[in-house]
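A.B. asks: A single structure is presented below for examination.
Every number here is computed from the coordinates shown, using simple stated rules; none is lab data. Keep in mind that what you see is a predicted model, and the values were worked out from it rather than measured. So basically every Cβ, Gly included, is an ideal-geometry build from the backbone, and we count neighbours across all protein chains shown.
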């Protein structure tokens, strides 16, 4: 079997004096879509920030593409091929759609068919229609599309997607699902932080349930979808 593209072991992290993660273990395989699921405050976003170097790691190891990335600054992690789409988007509001995409452009990796604006516009036709529009004049859903597209312009090997469907209209959520499907088809591994079980089940191969800062269950997404007792135990508010 192939080695994991991302492997996290014993990860601990928090904010100030508050510990949030207590020994998180997870893996992401090449070309896999895995959903990190859990209730609000379970530690989903904190896990992604700690992996990406945006939050100091207090313990544990993080390996990406065969090398240790724990302790590296976020920009170096991104250049190694790990993309990150934050929940709060963080696009450049004074730049146009095309200019935002240009900022994210990185050379393709060996053997990789690069992402281009035209390929991304095919996935997100809304962006194609507003390529000259400043990002500040776009809706929240359109900004979320732009954030994903900008990340893909970096030609990542794997992407961390933090709550991509939260607060979005159903038609936009459908386009998000299409984008994740296209990433998988092109061999990009995706770790998806998500509360929306319907969205996660449409795109993910595997689920990892986090609760109180620890991974409590890992298995096929279909198992989680078909087991009401399992969902009630870990996901129901």
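A.B. asks: Just give me the residues in the stretch 126-140 being surrounded by fewer than 19 Cβ atoms within 10 Å (Cβ to Cβ), free of Cβ contacts under 8 Å to residues at least 40 places away in the same chain, touching a helix residue (DSSP H, G or I) at 6+ places or on another chain (Cβ under 6 Å) and assigned to a helix (DSSP H, G or I), in sequence order.
C.D. replies: Passing the criteria: only 128.
A.B. asks: With 123, 69, 91 as the choices, which residue is farther than 20 Å from residue 172 by Cβ, crowded, with 18+ Cβ neighbours inside 10 Å and either touching a helix residue (DSSP H, G or I) at 6+ places or on another chain (Cβ under 6 Å) or free of Cβ contacts under 8 Å to residues at least 40 places away in the same chain (or both)?
C.D. replies: Details: 123 fails: farther than 20 Å from residue 172 by Cβ; 91 fails: farther than 20 Å from residue 172 by Cβ.
When all the criteria are applied, what remains is 69.
A.B. asks: Just the residues that are assigned to a loop (DSSP other than H, G, I, E, B) and closer than 12 Å to residue 34 by Cβ, please, taken from the stretch 183-211. I'd like the intermediate steps shown before the answer.
C.D. replies: Keep residues of the stretch 183-211 that are assigned to a loop (DSSP other than H, G, I, E, B), which gives 186-188, 195-196, 204-205.
Answer for the stretch 183-211, where residues must be assigned to a loop (DSSP other than H, G, I, E, B) and closer than 12 Å to residue 34 by Cβ: 204, 205.
A.B. asks: Inside the stretch 110-119, can you point out the residues that are part of a loop (DSSP other than H, G, I, E, B) and surrounded by 13 or more Cβ atoms within 10 Å (Cβ to Cβ)? Full working, then the answer.
C.D. replies: Here is the first cut: in the stretch 110-119, the residues part of a loop (DSSP other than H, G, I, E, B) are 110-116.
Selection gives 112, 114, 115, 116.
A.B. asks: Another question, then. From the list 13, 42, 35, exactly one residue is touching a strand residue (DSSP E or B) at 6+ places or on another chain (Cβ under 9 Å), in a strand (DSSP E or B) and within 16 Å of residue 207 (Cβ to Cβ). Which is it?
C.D. replies: Working: 13 fails: within 16 Å of residue 207 (Cβ to Cβ); 42 fails: in a strand (DSSP E or B).
Just a single option satisfies the conditions, and that option is 35.
A.B. asks: Whether any residue in the stretch 192-202 is farther than 20 Å from residue 44 by Cβ and under 19 Å from the mean Cα position of the chain (by Cα) is what I want to check. Full working, then the answer.
C.D. replies: Just the residues of the stretch 192-202 that are farther than 20 Å from residue 44 by Cβ, to begin with: none.
There is no residue in the stretch 192-202 that is farther than 20 Å from residue 44 by Cβ and under 19 Å from the mean Cα position of the chain (by Cα).
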